[in-house]
Amino acid sequence: MMRSRLISVICCTVLACLAASCSRDPGKLKVRYVASGDRYVAEKKYPEAIIEYRNALAQDPKFGEARYKIGLAYEAVKDYRNALAEYVRAADLMPDNVDAQLHAGNLLLEAKQYPEAKARALAILAKEPKNVEGLTLLGNSLGGLKDYDGAISQIEEAIETDPHRTLTYANLGLLQLFKGNKSAAEAAFVRAVEINPKSVAAHMSLANYYWASGDGTQAEREMKSAFALDPKSPSVNQALATLYLTKARAPEAEIYLKTYAEVTGQVGPKLVLADYYLAMKKVKEATGILEPLKKDPDGFVPAELRLASLDAQAGKSTEGYKKLDEVLARYPKNEDALLMKARFLATDRKFAEALKLTTAVVSANPQSVAGHFWNGTVLEATGSLDDASKEFLEVTRLGPSVNAAFTKLAGLALARGDAAAAVEFSNQALKKDPNSTEAQYVSASALLRQGKVQSAEPRVATLLRTSPQLPDVQILAGDFYWAKTDLTHAAAYYARALELKDSSVEALTGLVKIDLIQKKPDAARAKIESHLAKAPDDPALLLLAGRVFMTVGDAPRAESAYRHVLDVDQSNMEAYGKLAGIYLSQNRLEDARRQYEAVARVQPKAAPVATTMVGIILSLQNKQDEARKQYEQALTLNPRAAVAANNLAWTYAEAGENLDTALRLAQTAREQLPKNWEVSDTLGWVYYKRGLASLAITALHEGTQQDPSNPLVHYHLGLAYLKNGDRAQAAKSLRQALQLNPTFKDADDAKRTLESIKGS
């Protein structure tokens, strides 16, 4: 018994050793792993199959069959990068395997690695000279290398070998098209359909040919044929939707976009459908798509951003900000979310906050076209025209096709008074998009500014033909006929603009201007009174009313209009200036001061404005110390009182005292009045007095852009350049100041300074 037991144990041990030896045999293991991978492929469990094939390659990295099969698995899960790498290795390991060479060649072709694809095709044809797929691969590779004659020859040989392969004709058609032989291309595409009329690919190839040739009717017919064969084809539905959208038949695109989204089930097509609904003003339908997409990891950000935009459009800014903050909480550096929030902030006139975000975007990604564009847009809104122009120029460098940047540059040039540059930039925009309404408008406006009325005429005519519904176009036409001294037509266009937009102060200004030049003061007054009855609190209309009332000799009504401006807009510097001018011209400074002091005592809401006005009057009376106290009192009543802050900053700067406080005050005024030349001048002058010449130059240069005709800011800019050591620019600015007005307040000092520069 003991002996038989020993023999049994020995046998089991030997068998176990043999089994272990077998399990460690790399040759047998790799075969088992490949077989396991094949079973997973049969069940379409590609990730599991990839793991098994990888296990096989761990046993033998030069196992060509495993390389080829793992390539197939990668391609099945659309991981083409890894698939290509494995196919190439498999083809190198199995040079006689035609399928491996073909798969490697086709993916090399898709990767536009044409010489490598050609090499694989030649390897196939060396083994099988009449291999149709090899001939086709060689032809397409030669086409990629722009050897169209050689490519066509190979494809034609493939057709001779097997004249019933539909896609070969499609390849031939494309090559003929690339060569420029349209008739031969069409014949090849048509032949593909004739051979296999039930081939969706053949119909779509012919449809694409017709579409590229500009024959939308024939393209639609072939697409419809493909749709009849496969109504659920994503590519066919996508193509039909695109066709209808580009042909201004958007309602017909809906069914195809819906099918495209349903069939694919992917985020991208669903977003396309949502964007379609947004464009069609079908907010409910768009929201119905976007809300569920928020739950998809890939759909969360784009869906939330679109929903935030909808909130903003509906006046629900709080909800919009909340959605954006939710996105940024997860993805703090998401560029789209940062820029959308910047746009929201800019709309709410929170320019400083908006600028922080756009600056952060371009700092993190200097190549961001959208970042530079919106940074420029916010800078433009703050009145930083020079910096805005630099941003839009950067956009044109990074994305030359972004036409809006050229149009923006044209508008900025026009705002700076540089009509020549405005014409140049708008012409560049029109080269890229001859139908751009905005570029046409800026170009015509700039040409009129230059006095080139005849050159502006075609632009004006085009705008009247293409965009007659736009009030600004009608006003432009009025300006055009005004420049031609054709007041009858000018009045007709201004009147039409008012019909389109009855609140247009620009159009009303044109009509009133004509009444006054035609000596019809009563007509001008009547128009003003009529519009004031409808919009009694419109600051722009009130300013126009004040000017008209002064022109027709009704100073009391003018004063009343300007005072009402300050009731609704306490920071309106023009109204302060106009009122001061009235009091000074009528020698009523003392009387006006007493009136405003009384208002400050009995009307708390009006006290900051009234106190500021008292300060201005005292300044005109050369009582600077008393004026300063009034500005300080106004700021006690309202720390954000922009005009008081600006004037007090100027007073401190002129006296050379409290310069730190002066800077803070000037910056407060700048935040609220970013486009006002006086505020830029004050800020620049404070910097100058503090010895910060380079910062002074920046602020003062902006002031010259905001009011190019003002000699004082040019004079101050000249002094800043001189302090900064730039004598040439200093002389240029001083000369400009004197050319604008040889007798302005500081003209004598400007002349002396200019002479000292010349004499040194």
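Structure summary
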quantity: Counted residues, the stretch 65-124 - those being in contact (Cβ under 8 Å) with a residue 12 or more places away in the chain and on the phi > 0 side of the Ramachandran plot; calculated: 1
quantity: Complete set of residues in the stretch 386-410 that are of a type outside the set (S, T, N, Q), part of a helix (DSSP H, G or I) and surrounded by fewer than 22 Cβ atoms within 10 Å (Cβ to Cβ); calculated: ASP386, ASP387, LYS390, LEU393, GLU394, ARG397, LEU398, ALA404
quantity: Cβ-Cβ under 8 Å pairs, at least 6 apart or on other chains, the stretch 237-260 side among the β-branched types (Val, Ile, Thr), far side modelled with pLDDT under 95 and surrounded by 17 or more Cβ atoms within 10 Å (Cβ to Cβ); calculated: THR242/ALA253; THR259/ASN237
quantity: Cβ pairs under 7 Å, 6+ apart, first in the stretch 609-628 and over 16 Å from TYR652 (Cβ atoms), second among the charged types (D, E, K, R) and in a helix (DSSP H, G or I); calculated: VAL614/ARG593; VAL614/GLU597; ILE617/ARG593
quantity: Test for ALA490: is it closer than 18 Å to THR407 by Cβ, in contact with a Lys or Arg (Cβ under 9 Å, 6 or more places away or on another chain), crowded, with 19+ Cβ neighbours inside 10 Å and in contact (Cβ under 8 Å) with a residue 24 or more places away in the chain; calculated: no
quantity: Qualifying residue in the stretch 296-311 (condition: surrounded by fewer than 14 Cβ atoms within 10 Å (Cβ to Cβ) and in a helix (DSSP H, G or I)); calculated: no
quantity: Residue count, the stretch 421-459 (criterion: over 27 Å from ASP386 (Cα atoms) and more than 27 Å from the chain's Cα centre (by Cα)); calculated: 5
quantity: Flag if VAL378 is closer than 22 Å to PRO332 by Cα and part of a helix (DSSP H, G or I); calculated: yes
quantity: Checklist (1) under 38 Å from the mean Cα position of the chain (by Cα); (2) surrounded by fewer than 16 Cβ atoms within 10 Å (Cβ to Cβ); (3) within 21 Å of LEU579 (Cβ to Cβ) applied to ASN622, failing item; calculated: (1)
quantity: Verdict on ILE616 being in a helix (DSSP H, G or I), β-branched (Val, Ile, Thr), more than 20 Å from ARG640 (Cβ to Cβ) and touching a helix residue (DSSP H, G or I) at 6+ places or on another chain (Cβ under 6 Å); calculated: no
quantity: Any pair with Cβ under 7 angstrom, 6 or more apart, that starts in the stretch 506-531 at a residue that is within 16 Å of GLN474 (Cα to Cα) and ends at one that is crowded, with 22+ Cβ neighbours inside 10 Å and of a type in the set (Phe, Trp, Tyr); calculated: ALA507/TYR494; GLY510/TYR494; LEU511/TYR494
quantity: Number of the exception - LYS146 against (1) surrounded by fewer than 24 Cβ atoms within 10 Å (Cβ to Cβ); (2) in a helix (DSSP H, G or I); (3) at pLDDT 70 or above; calculated: (2)
quantity: The stretch 204-232 residues that are of a type in the set (Lys, Arg), paired with ones that are surrounded by 14 or more Cβ atoms within 10 Å (Cβ to Cβ) and at pLDDT 85 or above (beta carbon under 6 Å, 6 or more apart); calculated: LYS232/VAL263
quantity: Those residues of the stretch 675-690 which are in a loop (DSSP other than H, G, I, E, B) and more than 19 Å from PHE351 (Cβ to Cβ), in sequence order; calculated: ARG690
quantity: Condition check for LEU717: of a type outside the set (Gly, Ala, Ser), closer than 21 Å to ALA666 by Cβ, in contact with a helix residue (DSSP H, G or I) (Cβ under 6 Å, 6 or more places away or on another chain) and at pLDDT 95 or above; calculated: yes
quantity: Count of the stretch 317-338 residues which are assigned to a helix (DSSP H, G or I) and surrounded by fewer than 21 Cβ atoms within 10 Å (Cβ to Cβ); calculated: 12
quantity: Whichever residue in the stretch 70-106 is among the hydrophobic types (A, V, I, L, M, F, W, C) and touching a Phe, Trp or Tyr at 6+ places or on another chain (Cβ under 6 Å) and, among such residues, is nearest to LEU57 (Cα to Cα); calculated: ILE70
quantity: Residues of the stretch 545-595 classified as surrounded by fewer than 21 Cβ atoms within 10 Å (Cβ to Cβ) and either hydrophobic (A, V, I, L, M, F, W, C) or touching a Ser or Thr at 6+ places or on another chain (Cβ under 7 Å) (or both), total; calculated: 9
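Residue-by-condition table, conditions (1) surrounded by 20 or more Cβ atoms within 10 Å (Cβ to Cβ); (2) more than 30 Å from PHE300 (Cα to Cα); (3) under 33 Å from the mean Cα position of the chain (by Cα):
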site	(1), (2), (3)
ALA192	yes, yes, no
LEU206	yes, yes, no
TYR209	yes, yes, yes
PHE227	yes, yes, no
PRO251	no, no, yes
ILE255	no, no, yes
PRO269	yes, no, yes
LEU273	yes, no, yes
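The values are calculated or read from the model by the stated rules, or taken from the named source; none is laboratory data. Keep in mind the model is a prediction, meaning the values are calculated, not measured. All Cβ positions, glycine included, derive from the backbone under ideal geometry; neighbour counts span all protein chains shown.
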